[in-house]
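Trainee: Quick one: this structure, given as structure tokens, is what I'll be asking you about.
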Amino acid sequence: MAFEGLADRLQSTMQKIRGKGKVSEADVKEMMREVRLALLEADVNFKVVKEFVKKVSERAVGQEVLKSLTPGQQVIKVVKEELTNLMGGEESKIAVSNRPPTVIMMVGLQGAGKTTTTGKLANLLRKKYNRTPLLVAADIYRPAAIKQLETLGKQLDMPVFSLGDQVSPVEIAKQAIAKAKEDHHDYVLIDTAGRLHVDEALMGELKEIKELANPNEIFLVVDAMTGQDAVNVAASFNEQLGLTGVVLTKLDGDTRGGAALSIRSVTNTPIKFIGLGEKLDALESFHPERMASRILGMGDVLTLIEKAQENVDEEKAREMEKKMRTASFTLDDFLEQLGQVRNMGPLDELLKMMPGANKIKGLNNMQIDEKQITHVEAIIQSMTKEEKIHPEIITAGRRKRIAKGSGTSVPEVNRLLKQFEDMKKMMKQMTGMQQKGKKKGKKKGGFNLPFNPFQ
Amino acid sequence: MSFFKKLKEKITKQTDAVTEKFKDGLTKTRDSFSGRVNDLVARYRKVDEDFFEELEEILIQADVGFETVMELIEELKMEVKRQNIQDPAEVQGVISEKLVEIYQGGEDETSRLNIQAEGLTVLLFVGVNGVGKTTTIGKLAHKFKVEGKKVVLAAGDTFRAGAIEQLEVWGERVGVDVIKQGAGSDPAAVMFDAVQAAKSRNADILICDTAGRLQNKVNLMKELEKVKRVIEREVPNAPHEVLLVLDATTGQNALIQAKTFKEATNVSGIVLTKLDGTAKGGIVLAIRNELGIPVKFVGLGEKMDDLQEFDAEQYVYGLFADLVEKEEIE
Ligand SMILES: Nc1nc2c(ncn2[C@@H]2O[C@H](COP(=O)(O)OP(=O)(O)OP(=O)(O)O)[C@@H](O)[C@H]2O)c(=O)[nH]1
Ligand SMILES: Nc1nc2c(ncn2[C@@H]2O[C@H](COP(=O)(O)OP(=O)(O)OP(=O)(O)O)[C@@H](O)[C@H]2O)c(=O)[nH]1
Ligand SMILES: [Mg+2]
Ligand SMILES: [Mg+2]
């Protein structure tokens, strides 16, 4: 069940190659198999994977990897580059019509997040571009769909246009645009009902709205957890409506999000935004490179650092980044950051973004409570300077002393030390795949963080 | 009698429209899946590595779940070796048999809910955002109502915009009471109220809605545990079922969902929704295989009666009808 990232997957192949001192084509083939599996595990559609692997193989066999002294890293580099390229550039621009209002239509399967994203987009348009959007409730089918959008409108203090659920969505769209012109709204955001791409009648309805409203943007909203079917859904919506952009929702979860690659490659339409939560400010621009890392299970270091910067003062954040990268992280640093980290918001969310964090057993149950933080603080404070820098010198006798001094127990001290070591190992992973001696296979659990003694 | 013949006979005995509807919902799945297996078999002359690799892909395309696919392929390889099978056509039978085996888990499990003969039965719905919890509750309430049971619904999603109203619309549609508090109130408090109301109204069944939550949100999972504890405290042996709703379009993440929700709330069954689309929902196979959680219902649409009891044999039959028929001709 523990999903391995590409780096882990390539470990055993690397070991073999190291022994031989030379990379053969067969080795490359084996590595490509691992690439393929890593992508499949991330829910990238199998056809997309096939094409992708073919392309990467060509580059790899084309000497880039064969010649390299560090073939594993080279493979990862090639894979990541290709993946990033495939996902296109950053294109979070929203169309502006030269004859306002600009009309945006939200479409997608049931429950993907259209209504929520409509609210988020409205919020973004106002906040970032100083616009005055009109929200349009054109879902007359789902129970309380109109009420849902109205509630979001109220939360945002923005007008919502609705004609109840007895008027056709086409008519609603028509009247809404007229109303927007009258009231000088520069954007019209049409929330449509969720529907299956194979539902001819309802897809026909969307086509009618499109004809009439002549939208500047048609956004397909897709759940990031979508599996292999993402290609069918995206291709079909695109064929029938001609999409201009994609919004990937629920990326605040722990899915790898391989659907991003699938969708991009079958529609050739930019992924413009990602949804990172249920709240109305949880919409962000799509970054292809970060998405590539995420799909490959390499963690989202950049977002982690960004988050840190938002909440911690910048200099310290930079320091933290560096320490994490070089793994020159002492117990003292840990102690100092404990306080900082506490201010950074939900710790579990931050940890999820770290490379390898998906394998950390118990992370799901992790709970940070003040009392337990105090314990950890007390333990570290009871250590000598030397001990904090070189925890390996802490003998059984010293452990007893530390436990006594901190009012905790020896097992608690042991746990902290063990987990601190594990964390340092994990941090090393961030810098590449240098670390040795880790066997490939179904090693459940994996690393633990020092944060875990809180459990 | 061959395994598939038995299966088919059992199905044909269940004459009603249920089977038809089930099959309808799964035709898309079935066509593409068994079609591809047939295709595969026709194209290959030899059972070799490439053959297995492609078979792997077929299963992966159905979202079966990576590890399950690997295990299955391993077993198949062994079986092929043991029986010294050279001809791909012969592998076909083994493939289907193995899949059925996983679905059935050896025993004849029913999808029946644990409904108390006497007193209040409490059903708790959990799952990630937008999978179909509230809709399924509406459908299930309808089913119980038709059976003559007195049903009460608890509006435990106090967070999402319009969630309470959505459940209320379902309550009106079906004709059952909905217990609610204001938006933003404590869901555990709503549950407490709902249990008291259900008791005092002599209800047979209380169905509890909860807000969608992603399984990696620790605080929200704790909140869910609290909601469950309130129910446990107020009604002995309750909740009688904790139903995890999964969207059939979800990929590998569904496995993590099942695992985490199981750890937090001891999930007793799964409802697999949106099977009326083109997604195959094959991940339930992995979930049964790895976590042992059975599927109890499937959602086949947005209407009140678009809910069917899950029948493993029917499901497999739907997936493999072509294969079954082929074997019979031979
Ligand atoms: N965690 C998280 N939840 C989200 C996100 N976007 C939407 N949701 C949640 O997903 C669920 C479904 O969202 P809706 O906006 O109702 O989806 P929809 O596509 O409008 O649904 P239908 O209209 O029924 O087709 C709700 O619980 C939302 O709060 C996101 O980015 N992250
Ligand atoms: N096609 C299809 N749509 C379904 C099915 N079940 C639910 N839906 C639709 O999926 C969307 C989300 O359903 P909800 O019942 O609101 O989902 P939920 O899990 O309660 O969502 P949150 O409370 O926001 O987490 C709605 O548009 C439903 O009509 C199904 O079996 N088939
Ligand atoms: Mg909606
Ligand atoms: Mg709901």
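Trainee: Can you work out which of the residues in region A:111-130 that are free of Cβ contacts under 8 Å to residues at least 40 places away in the same chain and either buried (at least 24 other Cβ atoms within 10 Å of the Cβ) or of a type outside the set (D, E, K, R) (or both) is farthest from ligand 4 (Cβ to nearest atom)?
Mentor: Only one residue fits best here, namely A:ASN130.
Trainee: While we're on this one: Are any residues in region A:130-155 away from ligand 3 (no atom under 16 Å from the Cβ) and either within 25 Å of the chain's Cα centre (by Cα) or on the phi > 0 side of the Ramachandran plot (or both), and if so, which ones?
Mentor: Of everything in region A:130-155, just one residue is away from ligand 3 (no atom under 16 Å from the Cβ) and either within 25 Å of the chain's Cα centre (by Cα) or on the phi > 0 side of the Ramachandran plot (or both), namely A:ASN130.
Trainee: Going through A:ALA176, A:ALA193 one at a time, which residue ends up being within 20 Å of A:GLU217 (Cβ to Cβ), away from chain B (no Cβ under 12 Å), under 36 Å from the mean Cα position of the chain (by Cα) and surrounded by 14 or more Cβ atoms within 10 Å (Cβ to Cβ)?
Mentor: Just a single option satisfies the conditions, and that option is A:ALA176.
Trainee: In addition: Please verify whether A:GLY108 is at positive phi, away from ligand 4 (no atom under 16 Å from the Cβ), within 14 Å of chain B (Cβ to nearest Cβ) and not basic (Lys, Arg), treating the condition exactly as stated.
Mentor: Judged against the criteria, A:GLY108 is a match.
Trainee: Could you check region A:220-285 for strands (runs of 3 or more DSSP E) lying wholly inside it with 1 or more residues that are buried (at least 24 other Cβ atoms within 10 Å of the Cβ)?
Mentor: Qualifying strands (runs of 3 or more DSSP E): A:245-249, A:271-275.
Trainee: Next question, about the same structure. I'm checking my understanding of the structure. Among residues of region A:135-145 that are surrounded by fewer than 24 Cβ atoms within 10 Å (Cβ to Cβ) and not hydroxyl-bearing (Ser, Thr, Tyr), which one is farthest from ligand 2 (Cβ to nearest atom)?
Mentor: That would be A:ILE140.
Trainee: Next question, about the same structure. Among the residues of region B:149-176, which ones are at the interface with chain A (Cβ under 10 Å from one of its Cβ atoms), among the acidic types (Asp, Glu) and within 13 Å of ligand 1 (Cβ to nearest atom)?
Mentor: Residue satisfying the conditions is B:GLU165 alone.
Trainee: So, one more: Run B:GLY130 past the list (1) part of a loop (DSSP other than H, G, I, E, B); (2) in contact with a Phe, Trp or Tyr (Cβ under 9 Å, 6 or more places away or on another chain) and report the number of the one that doesn't hold.
Mentor: Result: B:GLY130 fails condition (2) only.
Trainee: Further, regarding this structure: Within the set of pairs 6 or more residues apart or between chains, which connect a residue that is within 18 Å of A:ASP254 (Cβ to Cβ) inside region B:196-218 to a residue that is within 16 Å of ligand 4 (Cβ to nearest atom) and among the basic types (Lys, Arg) with Cβ atoms less than 9 Å apart?
Mentor: These pairs meet every condition: B:GLY212/B:LYS133; B:GLY212/B:ARG160; B:LEU214/A:LYS250.
Trainee: Pairs, please: C-beta under 9 Å, at least 6 apart or cross-chain, first residue touching a residue at least 12 places away in the same chain (Cβ under 8 Å) and in region A:190-209, second away from ligand 4 (no atom under 16 Å from the Cβ) and basic (Lys, Arg)?
Mentor: Close Cβ pairs satisfying both conditions: A:VAL198/B:LYS28; A:MET203/A:ARG195; A:GLU205/A:ARG195; A:LEU206/A:ARG195; A:ILE209/A:LYS174.
Trainee: When only residues in region A:87-105 that are surrounded by 15 or more Cβ atoms within 10 Å (Cβ to Cβ) and hydrophobic (A, V, I, L, M, F, W, C) count, which is nearest to the other protein chains (Cβ to nearest Cβ)?
Mentor: A:MET87
Trainee: Residues to consider are A:PHE161, A:PHE219; find the one that is farther than 24 Å from B:ALA183 by Cβ and more than 14 Å from chain B (Cβ to nearest Cβ).
Mentor: From the options A:PHE161, A:PHE219, the qualifying one is A:PHE219.
Trainee: Suppose we filter B:ALA279, B:ALA286, B:ALA264 for residues that are within 16 Å of ligand 1 (Cβ to nearest atom) and of a type in the set (A, V, I, L, M); which single one remains?
Mentor: Sole residue among the options that is within 16 Å of ligand 1 (Cβ to nearest atom) and of a type in the set (A, V, I, L, M): B:ALA279.
Trainee: Right, next: Can you find a residue in region B:195-209 that is within 16 Å of ligand 3 (Cβ to nearest atom), under 25 Å from the mean Cα position of the chain (by Cα) and within 14 Å of another protein chain (Cβ to nearest Cβ)?
Mentor: Within region B:195-209, none of the residues are within 16 Å of ligand 3 (Cβ to nearest atom), under 25 Å from the mean Cα position of the chain (by Cα) and within 14 Å of another protein chain (Cβ to nearest Cβ).
Trainee: Suppose we keep only residues that are in a loop (DSSP other than H, G, I, E, B) and basic (Lys, Arg) within region B:133-173. Which one would you say is surrounded by the most Cβ atoms within 10 Å (Cβ to Cβ)?
Mentor: B:ARG160
Trainee: Test A:LYS93 against the stated conditions and say whether it is of a type in the set (Lys, Arg) and away from ligand 4 (no atom under 16 Å from the Cβ).
Mentor: For A:LYS93, the condition - of a type in the set (Lys, Arg) and away from ligand 4 (no atom under 16 Å from the Cβ) - is met.
Trainee: Let me ask something else about it. Between residues in region B:60-72 that are facing chain A (nearest Cβ under 9 Å) and residues that are assigned to a loop (DSSP other than H, G, I, E, B) and surrounded by fewer than 22 Cβ atoms within 10 Å (Cβ to Cβ), which pairs lie under 9 Å by C-beta distance while being six or more apart or on different chains?
Mentor: If the second residue must be assigned to a loop (DSSP other than H, G, I, E, B) and surrounded by fewer than 22 Cβ atoms within 10 Å (Cβ to Cβ), the pairs left are B:PHE66/A:PHE3; B:GLU67/A:MET1; B:GLU67/A:LYS442.
None of the figures in this text is laboratory data; all of them are computed from the coordinates on show. Computed from a prediction, not measured in an experiment: that's the story for all the values here. Positions of Cβ are generated from backbone atoms using ideal geometry, with glycine treated the same way; all protein chains shown enter the neighbour counts.
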